[in-house]
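*Asks:* This is the structure, below, for whatever I ask next.
The values are calculated or read from the model by the stated rules, or taken from the named source; none is laboratory data. Bear in mind the structure is a predicted one, so any value in this text is a computation, not a measurement. Cβ placement follows ideal geometry from the backbone for every residue including glycine, while neighbour counts extend to all protein chains displayed. Quick note on the areas: whole protein, heavy atoms, side chains included, nothing else; ligands and nucleic acids left out. Shrake-Rupley method; radii C 1.70, N 1.55, O 1.52, S 1.80 Å.
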Amino acid sequence: MRLTIALTVSCALLLAACGSTPPTSDTARMTEQAQAQKVAVLSVQTAPEVKFVSLELKESKSGTVQTATAVPQDGKAIFQINNVAGGTFQGTVRAYDQDDRAVMLYRGAGSISLKIGRVTTFPPLTRVTATVTVNAAPTSALSATFSAKLGETTLPMTLKQGVASVQFPGVPTARALKVLVQGTSSDGQATQSGEATFNLSEGGVAVPVTLTEIASCPVPIGPLTTIPAIQGTGTTSPLAGQTVTVRGVVTSDLQSGLGGFTLQDAKGDGNADTSDGVFVFTGLGTAAAPQPVTVGDLVQLTGTVKEFFSFTQIDTVSDFAKCSGGLIVKPIEVKAPFNDLEKYEGMSVTFPEKLTVTDNFTYGRFGELGLSAGGRLFNPTNGNVTPVPTATELAARRIILD
């Protein structure tokens, strides 16, 4: 009798330890809950960016409409329906990025069958796209063409009755999209600009953009020559003796001392072997004809290209025009060895390394200081530098501050 009791107790303990119910899947768990609560469950798969989902159910026979909302969790929006009537519905699901329902990201529709105690999965949702119509005004006579940029896409615009318009089809819906519009003159200058931020949802949107004028230079009568084209890649200008029209930003005004100012192409040509700057000579003494420039001015002028002691410059200035001001040209870094400075001629530069005043032989007469990289330069015959540097090596470390 005692053995029987002990055996019974041992078996009960073994069953308790080994016979526990295995973990159930989400579907099985929801099915159990649906059966316990006597409801039908509809599961909708959602993308991570979806934060709010709405459901509309229209009963196939009676036409009765039910609506519900849900906040997704773990990539699913779960709806519990009490009244399933005939069991067949036309369902519509809309998924939004926020609960204000301003931007619908996904949409789905289809016929579904619901039953008490059962879990039904809604068909996959489709990403919503729509058309963005951009209308920009007022347009200026200075603007020959217009373009609009939305995301990574830039499209030309059509001008009609003073309004520049374009459509971007098939744009994925989103919040806080930005469109940029630019007007351009016949010679490629930006003449107008405007931007707008908007929300895009199902059905599309028309976006008004207000354009403002950008200060620009007058369109020259002849061709416009870039400063890098004037400088070329050699030691002298390939256009020496020719009359050119140039446009650039004033980087220094030296008219009271050297009789001119430096002009630099703000964008450059991307070629490290051509300088983007040039000196504009306006004259000295009684022959001086100074121009009203300030550092940061965008100016346009016509002049003759000349070489003055192997230094390229433009003189005999005419048709001078100040187009705008307050522009900034970022100086380019120059480091030792200073072997080839021709490619920086006339440009705004900066020296990131420490330079030492190594001589002042011409300071009193010309206001020049000799600067050197890597410390002061000594005469190789002094015997205080090992190994002894060559004259070429010393020259590559020296530059003159004028």
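*Asks:* Give the stretch 221-237 a look and list any residue that's within 14 Å of Q313 (Cα to Cα) and either loosely packed, with under 13 Cβ neighbours inside 10 Å or touching a Pro at 6+ places or on another chain (Cβ under 6 Å) (or both), or say none.
*Replies:* Matches in the stretch 221-237: G232, T235.
*Asks:* Now a separate question. For the stretch 316-323, does any single residue satisfy the condition of being touching a helix residue (DSSP H, G or I) at 6+ places or on another chain (Cβ under 8 Å) and either surrounded by 11 or more Cβ atoms within 10 Å (Cβ to Cβ) or more than 19 Å from P228 (Cβ to Cβ) (or both)? So that I can check it myself, show each step before the final result.
*Replies:* Taking the stretch 316-323 and keeping what is touching a helix residue (DSSP H, G or I) at 6+ places or on another chain (Cβ under 8 Å), we get none.
No; the residues of the stretch 316-323 include none that is touching a helix residue (DSSP H, G or I) at 6+ places or on another chain (Cβ under 8 Å) and either surrounded by 11 or more Cβ atoms within 10 Å (Cβ to Cβ) or more than 19 Å from P228 (Cβ to Cβ) (or both).
*Asks:* Which numbered condition trips up R107, out of (1) modelled with pLDDT of 95 or more; (2) closer than 26 Å to V181 by Cβ?
*Replies:* Against the list (1) modelled with pLDDT of 95 or more; (2) closer than 26 Å to V181 by Cβ, R107 comes up short only on (2).
*Asks:* Yes or no: the stretch 128-148 includes at least one residue that is closer than 19 Å to A47 by Cβ and of a type outside the set (S, T, N, Q). Lay out the reasoning, then the answer.
*Replies:* At the first step, the residues of the stretch 128-148 found to be closer than 19 Å to A47 by Cβ are 128-130.
Retained after the next criterion (residues that are of a type outside the set (S, T, N, Q)): 128, 130.
The answer is yes, given that some residue of the stretch 128-148 is closer than 19 Å to A47 by Cβ and of a type outside the set (S, T, N, Q).
*Asks:* Would a scan of the stretch 240-258 turn up a residue that is touching a Lys or Arg at 6+ places or on another chain (Cβ under 8 Å), free of Cβ contacts under 8 Å to residues at least 40 places away in the same chain, more than 17 Å from D402 (Cβ to Cβ) and open to solvent by 10 Å² or more (accessible area, probe 1.4 Å)? Quick ask: steps written out before the conclusion?
*Replies:* Taking the stretch 240-258 and keeping what is touching a Lys or Arg at 6+ places or on another chain (Cβ under 8 Å), we get 240-241.
Narrowing further to those that are free of Cβ contacts under 8 Å to residues at least 40 places away in the same chain: none.
The answer is no, given that none of the residues of the stretch 240-258 is touching a Lys or Arg at 6+ places or on another chain (Cβ under 8 Å), free of Cβ contacts under 8 Å to residues at least 40 places away in the same chain, more than 17 Å from D402 (Cβ to Cβ) and open to solvent by 10 Å² or more (accessible area, probe 1.4 Å).
*Asks:* Across the stretch 329-373, which residue is nearest to N271 (Cα to Cα) among those that are without any contact (Cβ under 8 Å) to a residue 60 or more places away in the chain and among the β-branched types (V, I, T)?
*Replies:* Filtering the stretch 329-373 for residues without any contact (Cβ under 8 Å) to a residue 60 or more places away in the chain gives 330-335, 339-341, 349-373.
If we keep only those that are among the β-branched types (V, I, T) too, we end up with 332, 334, 349-350, 356-358, 362.
Working: I332: 13, V334: 15, V349: 16, T350: 18, T356: 30, V357: 32, T358: 32, T362: 34 Å.
Only one residue tops the list, namely I332.
Condition check ((1) without any contact (Cβ under 8 Å) to a residue 24 or more places away in the chain; (2) out of contact with any strand residue (DSSP E or B) (no Cβ under 6 Å at 6 or more places or on another chain); (3) closer than 30 Å to V166 by Cβ) across all residues:
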| residue | (1), (2), (3) |
| --- | --- |
| T64 | yes, yes, no |
| A85 | no, no, no |
| F89 | no, no, no |
| A95 | no, no, yes |
| R101 | no, yes, yes |
| A144 | no, yes, yes |
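*Asks:* Among the residues in the stretch 130-152, are any acidic (D, E), over 30 Å from V280 (Cα atoms) and either open to solvent by less than 40 Å² (accessible area, probe 1.4 Å) or part of a strand (DSSP E or B) (or both)?
*Replies:* Filtering the stretch 130-152 down to residues acidic (D, E) leaves 152.
Filter once more, so that each one left must be over 30 Å from V280 (Cα atoms): 152.
Those still in the list that are either open to solvent by less than 40 Å² (accessible area, probe 1.4 Å) or part of a strand (DSSP E or B) (or both) too: none.
Checking the stretch 130-152: not a single residue is acidic (D, E), over 30 Å from V280 (Cα atoms) and either open to solvent by less than 40 Å² (accessible area, probe 1.4 Å) or part of a strand (DSSP E or B) (or both).
*Asks:* Considering every residue within the stretch 28-44, establish whether at least one is open to solvent by 90 Å² or more (accessible area, probe 1.4 Å), modelled with pLDDT of 95 or more and in a strand (DSSP E or B). Before you say what the answer is, go through the steps one by one.
*Replies:* Initial filter on the stretch 28-44 (open to solvent by 90 Å² or more (accessible area, probe 1.4 Å)): 29, 32, 35, 37-38.
Retained after the next criterion (residues that are modelled with pLDDT of 95 or more): none.
No.
*Asks:* Right, another one. Could you grab me the full set of residues in the stretch 167-217 that are modelled with pLDDT under 95, open to solvent by less than 70 Å² (accessible area, probe 1.4 Å) and outside any strand (DSSP E or B)?
*Replies:* Those that are modelled with pLDDT under 95, open to solvent by less than 70 Å² (accessible area, probe 1.4 Å) and outside any strand (DSSP E or B): S185, D187, G188, Q189, I214, A215, S216, C217.
*Asks:* Here is a further query. Determine if the stretch 279-290 includes at least one residue that is open to solvent by less than 10 Å² (accessible area, probe 1.4 Å) and touching a helix residue (DSSP H, G or I) at 6+ places or on another chain (Cβ under 9 Å).
*Replies:* no
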